[in-house]
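Data block below; observations after.
The values are calculated or read from the model by the stated rules, or taken from the named source; none is laboratory data. All values reported here derive from a predicted model rather than from experimental measurement. Please note: Cβ atoms are built from the backbone with ideal geometry, for glycine as well, and neighbour counts cover all protein chains shown. The area values use the complete protein model at the heavy-atom level, side chains included, leaving out ligands, DNA and RNA. Shrake-Rupley method; radii C 1.70, N 1.55, O 1.52, S 1.80 Å.
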Amino acid sequence: MPIRKSLFVTLKATLNCNLACKYCYGRDNHSPDKEMDDEQVKSGLRFVSEYASIVGADYVSLCWHGGEPLLFSPQRLESLCQYADETFSGKGIKCDFSTQTNGILLDEAYYPLLKKYFNGFVGVSLDLFSDFRTFRSGRVSTDIVVGKLDAALAAGLRCGVINLITRHNLDRIKDIYEFYKARNIDVRLARVFPISADFDVSNPMYVTDEEFAGAMINYFDLWVNDEHPAPNNDIVRLVGDLLLCKPSICLRERNCQDRYLALSPGGDIYPCAEFDVPESVIGNFLEQTPEEFFHSEKRTSIFKRAPIPAQCNGCRYEPTCYGGCLRERFMVKYPFRCKSNMLYWDHIVKWLENRGASLYVLRGKSKEESVKILSEVFPKSKS
């Protein structure tokens, strides 16, 4: 295994949640345990720090996830962040923290913690103008979360949002755009993915390839034609990938297993947070040493069982996506977002060509050449 300078680790410290979102990829959660105690969390942190040393990583991005991570009190989370800081710094490893929350518990008690350990940033999941993010009672949670977002922004925090696109909000893309622009929030639009190949395509939480591509194209056009848009790393990264001929995000990497891990209650290790079926377990941090995990054939088993499809050979976008998300190939047995990606990316490539650039034009270019080309592609307001 070549040296990996960075690792991205999701710590699913609790699988409990205060919502019952109908599309949650953990809705059929298979883990036998639902929450780590502090000793399990600390064992996981020590495991990751030792594993990082073994693979030669000097940077770890640690995401507190769930379930709902803010079910841990601010005091408890701060204590565990401090322990993580000391554990990683003791091995000369830089560690940054992030979190992804449903936003219900995001109140002022957490603000000092987020400013101290999370660089003043919090990731929130939302589905504006859609009714699938609910409490167990069936009550829609959107208004509560929007209020929490606005309060956090007013307190000086920065927020990023993953906003799901469903058939409920397909015709509200401009409204979604204006919502995030008004708050200067970086948003990623995402599609609801099934947890198995057997799913009800008529369910309105799912959109077709053409519908999702149309939503993405609509949002992209609003963004690139806006002189003062909100920041959008998702668009910038994708355009960069299409210019540079290399992926910048896990779901487009050739083998995300090389750099991504997810730790769950009971010690199970998964390739990422979106895996949870027993057959996707690749190790156990309570039962294995980091050295044993590193040398285990099971650690690399998922990629072997969900290889890059033969149909991807010769596709002009293969160097950008390598067959798409590994989790999708493993769970639904094919690259689920392939068609929608191609429709969306074709649109972006045409936009690039209209601005004097082209697919993979920066491949092999010097920094100076790349800067010159990029300055012609992007107006100053988006650079």
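Numbers at a glance
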quantity	calculated
Net lengthening on full extension, E287/C312 (0.36 nm per residue, minus Cα-Cα)	5.2 nm
Selected from S130, S370, S248 as most flexible by GNM, with the chain as the system and alpha-carbon contacts under 10 Å	S370
Neighbour-limited loop hits for chymotrypsin sites (Phe, Trp or Tyr not before Pro), the range 86-181 (at most 14 other Cβ within 10 Å; DSSP other than H, G, I, E, B)	F135
Normalised alpha carbon radius of gyration of the range 83-201 [divisor 2.2 N^0.38 Å]	1.24
J(HN,Hα) series, the range 195-204, from Karplus relation 6.51 cos²θ - 1.76 cosθ + 1.60, nearest Hz, glycine and proline x	9, 7, 5, 9, 9, 7, 5, 7, 5, x
Percent RCO, i.e. relative contact order, over the range 91-228, from Cα pairs under 8 Å lying at least 6 residues apart	21 percent
Within the chain, longest stretch clear of exposed GluC sites (Glu not before Pro) (DSSP loop, no more than 13 other Cβ within 10 Å)	1-226
Cleavage-rule hits, trypsin sites (Lys or Arg not before Pro), the range 202-288, DSSP coil, Cβ neighbours within 10 Å at most 16	R254
Segment K304-K34, extension gain: residue separation times 0.36 nm, minus the distance between their alpha carbons	94.3 nm
Of K181/K367; K94/K181; K34/K115; K94/K115; K34/K304; K34/K94, those spanning more than 22 Å from alpha-carbon to alpha-carbon	K181/K367; K94/K181; K34/K115; K34/K304; K34/K94
The chain - mean residue ellipticity at 222 nm from DSSP helices (-39,500 (n - 2.57) per run, n ≥ 4, rounded to 500)	-11500 deg cm²/dmol
At most 13 other Cβ within 10 Å, DSSP loop - trypsin sites (Lys or Arg not before Pro), the range 1-106	K5, R27
Probe 1.4 Å, protein heavy atoms only - accessible area per residue of the range 237-339 in square angstrom	41 Å²
Two-decimal Rg/Rh across the range 267-383, once Rg and the Kirkwood Rh are taken from alpha-carbon atoms	1.12
Considering only the chain, percent of DSSP beta bridges that pair antiparallel, nearest 5	15 percent
Whole-number percent relative contact order across the range 1-145, with pairs defined as alpha carbons under 8 Å at least 6 apart	29 percent
Point-to-point label distance, K174-K115, nm (Cα→Cβ direction, 7 Å offset)	3.9 nm
Net +/- balance of residues flanking G283 in space, Cβ distance below 12 Å, scoring K and R +1, D and E -1	-3
Total formal charge among the other residues, if their Cβ is under 9 angstrom from that of R337, Lys/Arg +1 and Asp/Glu -1	0
Charge tally in the Cβ shell below 15 Å around Y322, where Lys, Arg are +1 and Asp, Glu are -1, Y322 excluded	+4
GNM top mover of N16, N233, N354 - the chain, alpha-carbon springs below 10 Å	N354
Computed over the chain: relative contact order in percent, which uses C-alpha pairs under 8 Å that are six or more apart	18 percent
